[in-house]
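Right, one structure below, let's go through it.
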Amino acid sequence: MNIPNRITVSRVCLIPIFVIIMVIDFHWGNLTMLGATMPVEHLVGALIFIIASLTDWIDGYYARKYNLVTNLGKFLDPLADKLLVSSAFILLVGLDYAPAWVIIIIISREFAVTGLRLICAEHGEVVAANQLGKIKTWTQILAIAFLLLHNIIFAMWGIPFDQIMLYVALIFTIWSGLDYFWLNRKILLESK
C-alpha cells in the first residue's frame, strides 16, 4: 500500500475516534474561547475532524505529485470522505446543531451521485470530481468545523456563521448534484 492510500486509511481510522469523543461525555468540562463556550470533548472532536479533513487534501496532492494514483485510492478516497462527512453531519443532528432535513438532503445527494458514478462506470465513463464538487466538499467541511466549534470567533459578534455555512453547503450540495446529473444525462437516458 502506497503512502497516499495509507493517509486515506488513517482518515477512515480517525472516524470512530472522532465519533467516540463526540458521543461519550468524558466530563472534561467546558471551555470558553473566542466568544464560544463548548465542552472540551467538542473541541477535541473538532480538531480530529479538521485533521482528518486535511488528510483528504494531503493524500490527493501526494498521489498526483508522485504519480501514485491507484484504483484502491480512487475507491477509498471518496469513500473515506463520505464516511467522515456523513458521520459528522449525523452527529450534528443528534446534538441538535443541524436540522435533520438539511442533512437528509446532503446525504441523499451523496448516495445519488455515488449511484450515478456506478452507472457511468458500467458504460466505461469516469465521473471525476469537478470544481463544483470540490467547492461542495470544502463548504461542508467548513460548516461542520464551525458547528462542532460552536461558531467560534463569530459567536462574540452574534453572527451565525456556522448556520450560514451549513446553508451555503446545502446550496452547493444541491447545485453540484444537479450538475453531475446534467453532465451525464445521456448515459442516464440510454436504454439497453
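Taken together, the values in this text are just the output of simple stated rules run on the coordinates, not laboratory data. Small disclaimer: the values here were computed from a predicted structure and weren't measured. For neighbour counting, all protein chains shown are included, and Cβ atoms are generated from backbone atoms with ideal geometry for every residue, glycine included.
Dipole orientation for region 12-111: of the candidates Phe89, Tyr66, Ile20, Tyr66 has the Cα lying most toward the positive pole (charges on Cβ; Lys, Arg +1; Asp, Glu -1).
For the chain, adding -39500 (n - 2.57) for each run of n ≥ 4 DSSP H residues and dividing by the number of residues yields -25000 deg cm²/dmol at 222 nm. Shown here: Cα extents along the principal axes in Å, derived from the displayed model; of the candidates (1) 59, 36, 27; (2) 44, 34, 33; (3) 44, 42, 33, it corresponds to (1). Each Lys and Arg Cβ is given +1 and each Asp and Glu Cβ -1; about its Cα centre, region 3-189 then shows a dipole of about 580 debye.
The region of the chain that goes longest without hitting one of the GluC sites (Glu not before Pro) in a DSSP loop, each with at most 16 other Cβ atoms within 10 Å, is 1-124. Taking label positions 7 Å along the Cα-Cβ direction at both Ala121 and Lys186, the computed distance is 2.2 nm, reported to one decimal.
In percent, what relative contact order does region 70-192 have, based on Cα pairs under 8 Å that are 6 or more apart in sequence?
29
Shown is the FRET efficiency for Asn71 and Trp138, computed with R0 = 22 Å from the Cβ-Cβ distance and rounded to the nearest 0.05: 0.30. Each Lys and Arg adds +1 at its Cβ and each Asp and Glu adds -1 at its Cβ; summed about the Cα centre, region 1-76 shows a dipole of about 440 debye.
Taking amide H as placed 1.01 Å from N in the peptide plane, the amide H of Ala36 sits under 5 Å from that of Ile153, each at least 5 places away or on another chain.
Please find the FRET efficiency linking Ile105 to His27, where r is the Cβ-Cβ separation and R0 is fixed at 35 Å, and quote it to the nearest 0.05. Result of the calculation: an efficiency of 0.50. Averaging the sequence gap over all C-alpha pairs within less than 8 Å and six or more residues apart, then dividing by the number of residues, gives region 1-150 a relative contact order of 32 percent.
With both labels modelled 7 Å from their Cα along Cα-to-Cβ, the Ile164 to Thr37 distance reads 2.4 nm.
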